[in-house]
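Have a look at the structure below before the remarks.
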Amino acid sequence: MKKITVLTITFLSFLAAFTGACTSGSAPANTGANRAANTANGGTANTAPPKTEDETPALVKAAFPDAQSFTTQHKDVPKDTITEIERDTGGKVPNTDHHSYLAFSTAGGKRTQIGAATIVKAGGKDALIVYENKGGSPTIKEVRVEGISQDFLKQFAGKDHDDIFSVGNDIKLSGGVDEATAKALAEAIRIDSMTMQSLYGSAHAH
């Protein structure tokens, strides 16, 4: 059974500015009153702190097996950016609240961001996109979608917001993917790529 396809978007250095703001919140202090209550109830004074909620989808965690923690980013997409993206793509920006997931490793005793991903919906499927940073531009590293051949999906690797994602031109029909599905995926991926550039990429003259 094929894994859920993931459109994977790994961006590293251009998200470094967010690392400080994305550290996990510390657990509430175990006050003296709490310690007394715990002891009275037969517990120990040094009880474990409550776990913080982890809203990272399983699709994202599967894409970063070496990550020890994840942080979810919520960014509002400006109205003028939405207008520009929709004009250039002919599609619709799905949500003004854009979500991305940052993956962190604690190898060597230092918390380091090792990647980031987004999930988009297209043709009734969830697509996981992993980005990497190339010259200040979030560039697609990998895309996975359940039931879609990697022969088709690998064509998105290396593309960024400047690419057209045109089915029949830079994106070829392959791996048994029908044209309607291919166009839906290409449009959703391009919209997300342009959104990522607007939120996290370096400014462009064009």
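For every residue, the table says whether it meets (1) over 14 Å from the mean Cα position of the chain (by Cα); (2) touching a residue at least 40 places away in the same chain (Cβ under 8 Å).
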{"position": "ALA63", "(1), (2)": "no, yes"}
{"position": "HIS74", "(1), (2)": "no, no"}
{"position": "ASP80", "(1), (2)": "yes, no"}
{"position": "VAL93", "(1), (2)": "yes, yes"}
{"position": "THR96", "(1), (2)": "yes, no"}
{"position": "THR112", "(1), (2)": "yes, no"}
{"position": "THR118", "(1), (2)": "no, yes"}
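Suppose the filter is part of a strand (DSSP E or B) and among the acidic types (Asp, Glu); does GLU187 pass it?
Judged against the criteria, GLU187 is not a match.
Quick one: in region 46-67, of everything that is within 23 Å of HIS98 (Cα to Cα) and part of a loop (DSSP other than H, G, I, E, B), which residue is modelled with the lowest pLDDT?
Restricting attention to region 46-67, the residues satisfying the condition of being within 23 Å of HIS98 (Cα to Cα) are 52-64, 67.
Retained after the next criterion (residues that are part of a loop (DSSP other than H, G, I, E, B)): 52-57, 64, 67.
On the way: THR52: 48, GLU53: 60, ASP54: 73, GLU55: 79, THR56: 91, PRO57: 93, PHE64: 91, ALA67: 93.
The extreme case among them is THR52.
Of the residues contained in region 104-119, one or more are found to be aliphatic (A, V, I, L, M), assigned to a strand (DSSP E or B) and under 23 Å from ASP178 (Cα atoms). Scanning region 122-163 for residues that are outside any loop (DSSP other than H, G, I, E, B), acidic (Asp, Glu) and under 20 Å from THR181 (Cα atoms) yields ASP126, GLU142, ASP151. For LYS134, the test of being out of contact with any Ser or Thr (no Cβ under 9 Å at 6 or more places or on another chain), surrounded by fewer than 23 Cβ atoms within 10 Å (Cβ to Cβ), in contact (Cβ under 8 Å) with a residue 40 or more places away in the chain and under 19 Å from TYR101 (Cα atoms) is failed.
The values are calculated or read from the model by the stated rules, or taken from the named source; none is laboratory data. Just so you know, these numbers come straight off a predicted model, no measurement behind them. Methodologically, a virtual Cβ is constructed for each residue, glycine included, from the backbone with ideal geometry; neighbour enumeration extends over all protein chains shown.
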